[in-house]
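Enquirer: Before anything else, here's the structure in question.
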Amino acid sequence: MSRAPEPTKRPKERVLLCGVVFPDQEVEDAGPLTEAAGLVVAAGSDVVGHGIVQNRAKPDPATLMGRGKVEEVADAITEFEPDAIVVDNDLTPAQVRNLEKAWKVRVVDRSELILDIFARRARTRQAKLQVELAQTEYLMPRLRRAWTPRATRGSHRHARSGRDAARDRPPPHQEAHASTCAASSATSRSVVSVR
C-alpha cells in the first residue's frame with residue numbers, strides 16, 4: 001500500500017541584491033542593503049551572495065549604475081546563479097530593459113518588490129483589487145512599448161522627412177475644407193441626438 005503523495009513545495013526564488021547610494025540618501029547603520037534584504041525575505045525569496053553597492057553622485061540614465069558595477073554584478077550572477085536581481089532603487093523602464101539585456105536575468109526594482117509583498121499579503125477583495133490596480137499602473141509604462149506595432153516604434157528608417165510628408169498632404173485649401181466639413185457634420189450629429 002502506498003502513501004498519499006505529499007504536495008511538493010515550490011523552491012524559493014534566489015535573489016542577488018544590488019543598489020546605488022546617492023549623496024542625499026540616508027544609509028542604515030547595518031548597511032545600505034539591509035532593508036532590501038528584509039523585503040526580499042518578506043516576499044518569500046532567499047538572498048544569495050553579498051550585496052553590491054555603488055556610491056554615485058548622479059544616476060547613469062541607461063543603467064542607473066556605472067559600467068564597472070554592471071560588469072561586477074554580471075560576474076556575481078555567473079558565480080551565484082540567481083533567479084532574479086533586486087535593485088534597491090527605482091528604475092525607469094529603459095533601465096530595467098538595459099540591465100536585463102546586460103545580465104540576462106529578471107530585474108526587479110524596489111517599487112515592484114514592495115508591490116509584490118502587498119499582493120502576497122492582501123486578504124480582502126478590496127485590498128487585492130487595490131494592489132492589482134497599483135501593480136497595473138506600475139507596469140503600464142513598461143508594457144506600453146511592447147504592445148505598439150513595430151512600424152510605430154519610432155524607427156527612423158521609416159519616418160518621413162518634412163518634404164515627403166508635405167508632398168503627401170492635400171493642398172491647404174482642401175485641408176481646410178475637409179476640416180470644416182468634419183466639424184459641421186459633428187455639430188449636426190450632436191444637434192440631432194439632442195432632440
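The values are calculated or read from the model by the stated rules, or taken from the named source; none is laboratory data. Quick caveat, the model's predicted, so the values are computed rather than measured. Note: areas computed on protein heavy atoms with side chains; ligands, DNA, RNA excluded. Shrake-Rupley method; radii C 1.70, N 1.55, O 1.52, S 1.80 Å.
Enquirer: Ignoring everything but the protein chains, give the 1.4 Å probe accessible area of ASP116 in square angstrom, nearest 10.
Expert: In the full protein context, ASP116 sits at about 60 Å².
Enquirer: Step through the residues of region 115-127 one at a time and calculate ³J(HN,Hα) from phi using the Karplus curve (6.51 cos²θ - 1.76 cosθ + 1.60, θ = phi - 60°), rounding each to whole Hz and writing x for Gly and Pro.
Expert: 4, 5, 5, 4, 5, 5, 9, 5, 10, 7, 4, 5, 4
Enquirer: Would region 1-95 count as rounded, prolate or oblate if I go by the C-alpha gyration tensor, calling it rounded below 1.5 in a/c and otherwise prolate when a/b exceeds b/c, oblate otherwise? Intermediate results must be reported in sequence, preceding the final value.
Expert: Numbers: a/c = 2.82, a/b = 2.13, b/c = 1.32.
In terms of gyration-tensor shape, prolate.
Enquirer: Quick one: which residues, 5+ away or cross-chain, put their amide H under 5 Å from the amide H of GLU13? H built at 1.01 Å from N.
Expert: Amide H neighbours of GLU13: ASP46.
Enquirer: Could I ask something else about it? Can you give me the long-range amide H partners of VAL21? Hydrogens built in the peptide plane at 1.01 Å from N, cutoff under 5 Å, separation of 5 or more residues or another chain.
Expert: When sequence neighbours closer than 5 places are left aside, the close amide H contacts are GLN54, ASN55, ARG56.
Enquirer: Students sometimes get this wrong: rank MET65, MET140 by accessible area, probe 1.4 Å, all chains present, largest first.
Expert: Details: MET65 5, MET140 85 Å².
Solvent-accessible surface, decreasing: MET140, MET65.
Enquirer: How much accessible area does GLU137 have with a 1.4 Å probe, in Å² rounded to the nearest 10?
Expert: 110 Å²
Enquirer: Can you send over the solvent-accessible area of LYS58, 1.4 Å probe, protein chains only, in Å² to the nearest 10?
Expert: Around 140 Å² of this residue is reachable by solvent.
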